[in-house]
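Have a look at the structure below before the remarks.
Read the figures in this text as sums done on the coordinates, not as results from a lab. Please read all numbers here as calculations on a predicted model, not as lab measurements. Cβ placement follows ideal geometry from the backbone for every residue including glycine, while neighbour counts extend to all protein chains displayed.
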Amino acid sequence: MARSAGMQYFEFSHLWLYFNAANPVHVYEQKNGEYVLLWPTKTPGTTGVYRNFLAQMFLPCTIL
């Protein structure tokens, strides 16, 4: 899909902060002019809220 749109390179961020997937990356949304984390900082990297985010945005699969 990317190539058909003319892209030559694609860079993708890590999905977790550390190698052991202990915590998800920090994702922010803008609310009333301020940036707010979508989940608390210490949220486990395999918890439902993050898995739901991944399923909707990145990885709509069952391997997680």
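When the helices of the chain are scored as -39500 (n - 2.57) per DSSP H run of n ≥ 4 and the total is divided over every residue, the value at 222 nm lands at -4500 deg cm²/dmol.
Using only the Cα atoms, what convex hull volume per residue in Å³ does the range 3-57 have?
Values: hull volume 7.2 nm³, N = 55.
So the per-residue hull volume is 131 Å³.
Packing here is the average count of other Cβ atoms within 10 Å per residue, and on that basis the peptides 28-34, 13-19, 39-45, highest first, run 39-45, 13-19, 28-34. Once the Cα atoms are used to define both axes, helix 48-57 deviates from the longest principal axis of the chain by about 20 degrees.
Using C-alpha pairs under 8 Å with a sequence gap of at least 6, the mean separation divided by the residue count of the chain gives a relative contact order of 21 percent.
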